[in-house]
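Working notes for the structure below.
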Amino acid sequence: MGTFYWPMEIGPLDGSRYETVNALVDTGASFSQIPSSLLLELGIVPARIVESQLADGSIVQDRVGHLRIRIDGRETYSTVLFGEEGSPILMGSYALEGVVLAVDPSNNRLVDLRVTR
């Protein structure tokens, strides 16, 4: 699957404002990742520290918080990693599932998710 970017709006839990970011769609990432400075500017604060496993297998400590995400007009609450400055903005699988969207790898786009039960 190729990589592609998709617009995502992020904001505090109260929905008082949103910032649009261009996020790298990364279904291999559980949570979305946004630079810490942007999250703090929006009033989103860390809730706790979690252990994350990187692609190379190493384990790091990450700050996580909660925010509102809007993708293609669909809105949900989500968990977000506080990224280092200069790190890529990632749209993780938790956010995609929250707005009931999936990746169409052939066309590099987001599509309706068929929910299984």
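The values are calculated or read from the model by the stated rules, or taken from the named source; none is laboratory data. If you're wondering where the values come from, they're calculated on a predicted model, not measured in any experiment. Cβ: placed from backbone, ideal geometry, glycine included. Neighbour counts: every protein chain shown.
Filter the stretch 64-117 down to the residues that are basic (Lys, Arg) and modelled with pLDDT of 95 or more, then identify the one that is farthest from Leu40 (Cα to Cα).
Only one residue tops the list, namely Arg109.
Scanning the stretch 4-22 for residues that are assigned to a loop (DSSP other than H, G, I, E, B) and among the charged types (D, E, K, R) gives Asp14, Arg17.
From the list Thr27, Thr79, which one is assigned to a loop (DSSP other than H, G, I, E, B), under 26 Å from Arg117 (Cα atoms) and of a type outside the set (Gly, Ala, Ser)? Being assigned to a loop (DSSP other than H, G, I, E, B), under 26 Å from Arg117 (Cα atoms) and of a type outside the set (Gly, Ala, Ser) holds for just one of Thr27, Thr79, which is Thr27.
Against the list (1) surrounded by fewer than 12 Cβ atoms within 10 Å (Cβ to Cβ); (2) touching a Ser or Thr at 6+ places or on another chain (Cβ under 6 Å); (3) of a type in the set (Gly, Ala, Ser), the condition Ser93 fails is (1). So which residues in the stretch 82-112 are assigned to a strand (DSSP E or B) and within 10 Å of the chain's Cα centre (by Cα), if there are any at all? Within the stretch 82-112, Leu90, Met91 qualify. Considering (1) of a type outside the set (Asp, Glu); (2) more than 24 Å from Asn108 (Cα to Cα); (3) at pLDDT below 95, the lone condition that Thr27 does not fulfil carries the number (2).
With the condition kept exactly as written, say whether any residue in the stretch 40-49 is in a loop (DSSP other than H, G, I, E, B) and either acidic (Asp, Glu) or touching a residue at least 40 places away in the same chain (Cβ under 8 Å) (or both).
Within the stretch 40-49 (the criterion being in a loop (DSSP other than H, G, I, E, B) and either acidic (Asp, Glu) or touching a residue at least 40 places away in the same chain (Cβ under 8 Å) (or both)), the answer is no, since none of the residues qualifies.
When the stretch 30-78 is filtered for residues that are closer than 30 Å to Val111 by Cβ, loosely packed, with under 12 Cβ neighbours inside 10 Å and of a type in the set (S, T, N, Q), only Gln53 remains.
Here Arg114 passes the criteria (1) more than 27 Å from Asp14 (Cα to Cα); (2) surrounded by 10 or more Cβ atoms within 10 Å (Cβ to Cβ) except the one numbered (2).
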